[in-house]
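Heads up: the structure comes next, in structure tokens.
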Amino acid sequence: MNAPRSVSLLPRGTVSDEAVRYLFRDQDVEPVYCQTIAEVFKTVDSGRTDWGAIPIENTIDGSVNLHMDWLVHEVDLPIRAEWVYPSIQNLIGRLEELADGDGAWDPGKIAKVFSHPVAMAQCRQFLQSRLPHAAQETLPSTSQAVQLVQENPGRGWVAIGTAMAAADFGLDVLEAAITDHHNNFTRFLLVGRKPYDNPMAASERTTLLVTLPSDYPGALHQVLSAFAWRRINLSRIESRPTKKKLGSYYFYIDIEMSLNSVLLPAAIEEIKAIGSQVRVLGSYPTIPYQETHPEVR
């Protein structure tokens with residue numbers, strides 16, 4: 001009998017939790033909740049779980065540099081899949097405690113707002129216009145913020161978090177979808193040593209880490225040319241410090257092509273020929289988000 005598969009992820013009730021439930025909604029996969037991204041990576045790296053779910057990029061905030069650095073510098077875990085999921089943040093509290101005479105929530109009764117710093121930043125306009133008087137305090141996760149509000153009734157505290165967390169902790173969604181931009185999506189990576197197959201996969205993508213030779217003028221142009229003349233599309237290129245010396249960078253490159261194609265391996269060999277170091281972080285399926293997906297809970 002096969003052992004149940006498992007996936008490490010950030011705390012229950014976060015966007016990561018919603019995203020993982022969406023990805024594995026038709027599969028028997030056990031979630032293993034972690035408090036930090038370091039713990040997510042370590043549980044996968046040690047073999048305690050099969051995969052880890054890593055939020056790597058957001059529409060509004062861009063790349064999550066800490067998570068990228070863990071993937072590059074701390075572990076050697078292949079990327080097995082990617083998918084996107086909407087980051088919908090809500091104002092959460094006790095309506096009976098915060099209601100006005102008409103039964104709607106009263107901003108004047110709110111003293112403090114808790115959330116993860118990224119979620120707080122994504123709702124900046126709402127906070128400035130509706131709750132300019134309320135103090136703000138950040139916590140390691142949105143679900144911890146919701147839990148803190150649940151444990152402290154009668155203090156005028158609210159949280160910014162997911163509808164899932166509100167339901168889990170028995171609180172009310174005072175106002176839904178309060179993010180400043182409604183196209184707020186997060187891109188997730190599934191990392192681990194076990195392969196992953198998904199019939200919903202729409203295409204294949206490959207992620208490379210390229211370090212340029214220090215003594216080759218025009219090396220970046222040469223690298224990009226290797227892709228350009230073969231008409232290989234790059235969906236993302238980003239520089240990050242190698243952490244070895246000042247001014248030394250690697251290039252994190254997402255390519256819309258499988259490593260099993262004819263053209264991509266040839267491009268990689270051309271890049272290596274000029275003295276660049278190339279590390280393949282993964283060649284994996286991309287799973288598109290379907291708005292009419294079944295209920296994920």
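Throughout, read-outs are computed from the coordinates displayed, never taken from laboratory work. Since we're looking at a predicted model, the values are computed, not measured. Please note: Cβ atoms are built from the backbone with ideal geometry, for glycine as well, and neighbour counts cover all protein chains shown.
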* Using only alpha carbon pairs under 8 Å that are at least six residues apart, calculate the relative contact order of the stretch 90-175 and give it in whole percent. => 46 percent
* Asked: Regarding the stretch 204-286, what whole-number volume in Å³ per residue does the convex hull of its Cα atoms give?
  -> 86 Å³
* Structure fact -> One finds, for R155 and E238 with R0 = 41 angstrom and r their Cβ-Cβ distance, a FRET efficiency to the nearest 0.05 of 0.45
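Step by step: find N for the chain, compute 2.2 N^0.38 Å, then divide the Cα radius of gyration by it. What's the final number? Before the final figure, lay out the partial values.
On the way: Rg = 21.7 Å, N = 297, 2.2 N^0.38 = 19.1 Å.
Dividing the Cα radius of gyration by 2.2 N^0.38 Å gives 1.13.
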* Asked: How high is the FRET efficiency from R230 to Q277, r the C-beta distance, R0 25 Å, rounded to 0.05?
  -> 0.80
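Counting DSSP beta bridges with both partners in the chain, what percentage is antiparallel, nearest 5? Let's see the in-between values first.
Values: 44 of 60 bridges.
Rounded to the nearest five, the antiparallel share is 75 percent.
Lys and Arg at +1, Asp and Glu at -1: add these up for the other residues within a Cβ distance under 14 Å of K194 and post the number.
Working: positive: R5, R48, R80, R193; negative: E30, D45, D50, D197.
Neighbourhood net charge equals 0.
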* Karplus-derived 3J(HN,Hα), 6.51/-1.76/1.60, for each residue of the stretch 193-198, Hz, glycine and proline x -> 8, 8, x, 9, 10, 9
* Let me know the whole percent of all Cα-Cα pairs from the stretch 9-59 that are separated by more than 16 Å. => 37 percent
* To do: Give me the distance in nm between label points sitting 7 Å out from Cα along the Cα-to-Cβ direction at A167 and R25, one decimal.
  => 1.1 nm
* To do: Working from Cα positions, state the angle (0 to 90°, nearest 10) between the long axis of helix 263-273 and the longest principal axis of the chain.
  => 70 degrees
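Can you give the charge dipole size of the chain about its Cα centre, rounded to the nearest 20 debye, using +1 on the beta carbon of Lys and Arg and -1 on the beta carbon of Asp and Glu?
On the way: 27 positive and 35 negative charges, 192 e Å.
Dipole about the Cα centre, nearest 20: 920 debye.
Order of 76-87, 13-24, 169-180 by packing, highest average Cβ count within 10 Å first?
Numbers: 76-87: 20.4, 13-24: 23.7, 169-180: 17.4.
The peptides rank, most packed first, as 13-24, 76-87, 169-180.
Report the extension gain between Q290 and D106 in nm, rounded to one decimal, defined as 0.36 nm multiplied by the number of residues separating them, less their alpha carbon distance.
Full extension of this stretch gives 62.7 nm more.
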* HN-Hα J couplings of the stretch 82-88 from phi, Karplus 6.51/-1.76/1.60, θ = phi - 60°, integer Hz, Gly and Pro as x? -> 9, 7, 10, 8, x, 9, 9
* So, with +1 on the Cβ of K and R and -1 on the Cβ of D and E, and no other charges, what is the size of the charge dipole of the stretch 166-224 about its Cα centre, to the nearest 20 debye? -> 380 debye
* Longest to shortest principal axis, alpha-carbon extents of the stretch 2-118, angstrom -> 56, 33, 22
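Report the local net charge at N90: Lys and Arg +1, Asp and Glu -1, summed over other residues whose C-beta lies under 11 Å from its C-beta. Could you put the intermediate results ahead of the total?
Values: positive: none; negative: D172, E175.
For residues surrounding N90, the net value is -2.
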* Asked: Where the centroid of each part is defined by its Cα atoms, how far is the stretch 18-56 from the stretch 181-201 in Å?
  -> 11 Å
* So how far, in whole Å, is the C-alpha centre of the stretch 233-250 from the one of the stretch 138-152? -> 35 Å
* Structure fact -> Once the dipole of the chain is set up from charges on Cβ (+1 Lys and Arg, -1 Asp and Glu), the residue from the list Q89, Y33, L131 lying farthest towards its positive end is Y33
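Given the stretch 82-227, what percent of its DSSP beta bridges are antiparallel, to the nearest 5?
Values: 12 of 19 bridges.
About 65 percent, rounded to the nearest 5.
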* Asked: Which percent of the Cα-Cα distances in the stretch 71-147 go past 18 Å?
  -> 55 percent
